Amino acid sequence: MYDERQRPDHGPLAGFTVGVTAARRAEELGVLLQRRGAAVLHAPALRIVPLADDSELLAATKDIIGQVPDIAVATTAIGFRGWVEAADGWGLGEDLLARLRGVRILARGPKVKGAIRAAGLSEEWSPSSESMAEVLDRLLAEGVDGLRIAVQLHGEPLPGFVESLRAAGAEVVGVPVYRWLPPEDIGPVDRLLDATVSRTVDALTFTSAPAAASLLSRAEERGLLDDVLTALGHDVLPACVGPVTALPLQARGIDTVQPERFRLGPLVQLLCQELPARARSLPVAGHRVEIRGHAVLVDGELKPVPPAGMSLLRALARRPGWVVSRADLLRALPGAGRDEHAVETAMARLRASLGAPKLIQTVVKRGYRLALDPHAETKYADE
């Protein structure tokens, strides 16, 4: 019998494939995932318009210099730094900072506070929750009627934020510090969507709301939106870095997981907890078998399995211990056609990959079954 204490450490994400939709800091996120054993499928759902080339930001900067706001809201560190750097490039940096020194500045979180202070400015307040909802609540509680408020936007208008301030009587100047556009090469996004629909990816990570919105928009263009939403609602885990990022998915009825701290590290740690917890683990023929996305742990040892073999194994695991016919297994094989010999070929490769042939029994003239340990049959027969 397998002793859990002997289990080798392959990393908590070994055997899982994770999609990365980020355009910015994608390499950092990918490395964090790979260090924990994951296979990474990178498909940047957006590209960023360079700040210095953005006419909208230039116009907003001149507007603020010409008519100083009463309050400024800074939402992202990279956006605030980029704004100051772009203003410097236009020869407006000193004028911008001089105007902002007399302004009440609210910062969404600690990283933004660091960027504000690095520019020689100081913030008046920052929420401990790093939530824009808390910033909005504070402004509305204090009263904003008649005030001019500059709001640094991060890629797209903040849902409800600007509208709520205007409804309360404020004049709002949006500062679009960077804008998102669709990627120049849409191929990786299409491949990620196909992988989502086919369930060959186990989780999708989102680090910005525009990326989530862009991926769903592309799915809709291709007529895949319903299929993608079904996959995200049941089989593919959508993991967002924070609540704002999750909004486009939630608007489509998709529940997401989010770390308590809105950072890449906690996001990866969350996946390290969630994905293994979703894996099917069964006692089979005296072994512990854990079925992951593209691999299987047999007594803690990682066994990579070809896609066809994983399809067969999942079909068998849906009714562990029960016989599954060759015809049903053939239907589970992607693109196998009508030849049941394809099942035999894929089964032989699956057994070879698992390294323990007795895990799967051949039932003559009927099909195949997982050799579920007798004591487990009652527990798993109806699952």
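Across Trp180, Trp322, Trp83, the residue with the most accessible area heads the list, and the full order at a 1.4 Å probe is Trp322, Trp180, Trp83. Straight-line reach from Lys303: taking Cα to Cα under 27 Å and skipping same-chain neighbours fewer than 8 places apart, the lysines in range are Lys358, Lys379.
Were the residues from Asp185 through Gln34 laid out at 0.36 nm apart, the gain over their Cα-Cα distance would be 52.0 nm. Here the range 212-277 exposes an accessible surface that is 44 percent carbon and sulfur, computed with a 1.4 Å probe and the other protein chains kept in place. The order of Asp190, Asp95 by accessible area, most exposed first and with a 1.4 Å probe, is Asp95, Asp190. Rounded to whole Å, the principal axis extents of the Cα atoms in the chain read 85, 43, 35, largest first. Most simply put, the chain has about 45% antiparallel DSSP beta bridges, counting only bridges with both residues inside it.
Using the beta-carbon distance between Glu27 and Asp63 and R0 = 41 Å, what value does 1/(1 + (r/R0)^6) give for FRET efficiency, to the nearest 0.05?
Once rounded, the FRET efficiency stands at 0.70.
Surface composition of the range 79-155: carbon plus sulfur atoms contribute 45% of the solvent-accessible area (1.4 Å probe, protein chains only, all chains present). Label-to-label distance, Asp194 versus Glu260, with points set 7 angstrom from Cα along the beta-carbon direction: 4.2 nm.
Relative to the current alpha-carbon distance between Glu344 and Ala118, full extension at 0.36 nm per residue lengthens the span by 74.8 nm. Think of a 1.4 Å ball rolled over the protein heavy atoms: the range 176-251 then has 38 Å² of accessible area per residue.
Taking 0.36 nm per residue of sequence separation and removing the Cα-Cα distance, the Arg166/Lys358 pair yields an extension gain of 62.3 nm.
Heavy-atom accessible area for Lys62, with the other protein chains in place and a 1.4 Å probe, reaches approximately 120 Å². Protein-only accessible surface at a 1.4 angstrom probe places the residues Arg252, Arg138, Arg191 in the order Arg191, Arg252, Arg138, largest first. Toward the positive end of the charge dipole of the range 119-212, with +1 on the Cβ of Lys and Arg and -1 on the Cβ of Asp and Glu, the farthest Cα among Val162, Leu193, Val135 is that of Leu193. Shown here for the range 82-168: GluC sites (Glu not before Pro) in loop regions (DSSP other than H, G, I, E, B) with at most 13 other Cβ atoms within 10 Å, namely Glu124. Computed from backbone phi, the HN-Hα couplings of the range 19-24 come to x, 10, 9, 5, 9, 9 Hz, rounded to whole numbers (Karplus: 6.51 cos²θ - 1.76 cosθ + 1.60, θ = phi - 60°; Gly and Pro given as x).
The values are calculated or read from the model by the stated rules, or taken from the named source; none is laboratory data. Nothing here was measured: the structure is a model prediction, and the numbers come from that model. Note: ideal-geometry Cβ built from the backbone for every residue, glycine included; neighbour counts use all protein chains shown. Remember, those area values only see protein heavy atoms, side chains included, never the ligands or the DNA or RNA. Shrake-Rupley method; radii C 1.70, N 1.55, O 1.52, S 1.80 Å.
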